[in-house]
Amino acid sequence: DALSKALSHHLPSLSSDTIHHLCSIPPCFQPQQNSVSSQGKLTPYAFFIAFHGTLTLAFKGWTTTLSHAKSLLNNQLQHVLLPENLGTKWPKTTLGVLRENVLLSEDQLRDILAMLLLLNENLLPSSSSSDGERICDLDLVVYNKRSLQPPLFLRYKFEIAEQEGDDTLDFSSSALVDKILAEPNDFKPYFQQVNNISRREDFYFAECPPEATIVHFITSAPLLQKIREFQAEIDKKFPGLYVWMPLDCLHISVRAVNPIIHS
């Protein structure tokens, strides 16, 4: 079919078995007869500076519905893809990255962390589900820029319709988010990870060999407005330090498509 042909064309290194499993993803998310559509809504939780110095918006956690959807994905793909990496185990969107070769001093990092605490209080004071991002569809994307800037080689959308789960938080997911957000408490190793320069501007914006991922693109107007305000405040306090992801490229990564390579 069209999806199989597109994957074969843009990712010729994929095995026919991997392509078959990827093409079988959309049907496993289709609503069953008489089912009730129940998608997950993610609630914004905190602006955070993650490893490599990237500025992110972390959500409170995957909902039970979305955790179930991710389990479906992992079960469907476990024989053809490498195990899920940490980056998609906690829901977040990358907002901005440090310019190439920038190294932060300890004082700069502490200043940024203090600024983020203030912005969390002002922009995310008591985020409710009304501020959140409803995830009712996912995109299988083939790209050659990790920022997912167009043109994309492939963007194949499929809907999520589940009978299991609801908008309640998955406990293990929210616990992982809290654990990651607490990393600055152990400042020395955290500072070293923030200053790892392997993922600066070029990593996201320079062209790379075609890769694939499964994501959800952010569409919530209230959430995008908060992100605009956040970016403006950071630029005012730390001018020229960060390069921002285009708003129409902002996404939540759900599952990387890293195929198992058989020797």
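The values are calculated or read from the model by the stated rules, or taken from the named source; none is laboratory data. Please read all numbers here as calculations on a predicted model, not as lab measurements. Don't worry about glycine lacking a Cβ; one is built from the backbone with ideal geometry, like all the others, and counts go over all protein chains shown. For the accessible areas, the whole protein counts, side chains as well, though only heavy atoms, and no ligand, DNA or RNA atoms are used. Shrake-Rupley method; radii C 1.70, N 1.55, O 1.52, S 1.80 Å.
When the residues of the range 64-81 are filtered to those that are assigned to a loop (DSSP other than H, G, I, E, B) and out of contact with any strand residue (DSSP E or B) (no Cβ under 8 Å at 6 or more places or on another chain), the one that is most open to solvent (accessible area, probe 1.4 Å) is HIS79. Listed by first and then second residue, the pairs linking a residue in the range 5-24 that is closer than 16 Å to LEU138 by Cβ to a residue that is of a type in the set (Ser, Thr, Tyr) and surrounded by fewer than 18 Cβ atoms within 10 Å (Cβ to Cβ), with Cβ atoms under 8 Å apart and 6 or more places separating them unless they lie on different chains, are CYS23/SER4. Residues that are in contact with a strand residue (DSSP E or B) (Cβ under 9 Å, 6 or more places away or on another chain) and either assigned to a loop (DSSP other than H, G, I, E, B) or of a type in the set (S, T, N, Q) (or both) within the range 196-208 comprise ARG200, CYS208, listed in sequence order.
Of all positions in the range 74-85, none carries a residue that is at pLDDT 85 or above and at positive phi. Within the range 82-109, the set of residues being of a type in the set (D, E, K, R), in contact (Cβ under 8 Å) with a residue 12 or more places away in the chain and part of a helix (DSSP H, G or I) comprises GLU106 only. Inspection of the range 101-111 finds a residue satisfying the criterion of being open to solvent by less than 30 Å² (accessible area, probe 1.4 Å) and modelled with pLDDT of 95 or more.
The C-beta contact set for the range 242-263 (first residue among the acidic types (Asp, Glu), second residue at pLDDT 90 or above and surrounded by 16 or more Cβ atoms within 10 Å (Cβ to Cβ), distance under 8 angstrom, 6+ apart or interchain) comprises ASP248/PHE217. As a summary of the residue check, GLU211 satisfies the conditions (1) under 17 Å from the mean Cα position of the chain (by Cα); (2) surrounded by fewer than 12 Cβ atoms within 10 Å (Cβ to Cβ) except for the one numbered (2). Total residues in the range 21-45 satisfying the condition of being open to solvent by 10 Å² or more (accessible area, probe 1.4 Å) and either among the polar types (S, T, N, Q) or modelled with pLDDT of 90 or more (or both): the figure is 11. Taking the criterion of being farther than 9 Å from THR94 by Cα, open to solvent by less than 30 Å² (accessible area, probe 1.4 Å) and part of a strand (DSSP E or B), the residues of the range 243-257 that qualify are VAL243, VAL254, ARG255, ALA256, VAL257.
When the residues of the range 143-201 are filtered to those that are at pLDDT 95 or above, of a type in the set (Lys, Arg) and surrounded by fewer than 15 Cβ atoms within 10 Å (Cβ to Cβ), which remaining residue is farthest from LYS60 (Cα to Cα)? Per the criteria, the residue is LYS188.
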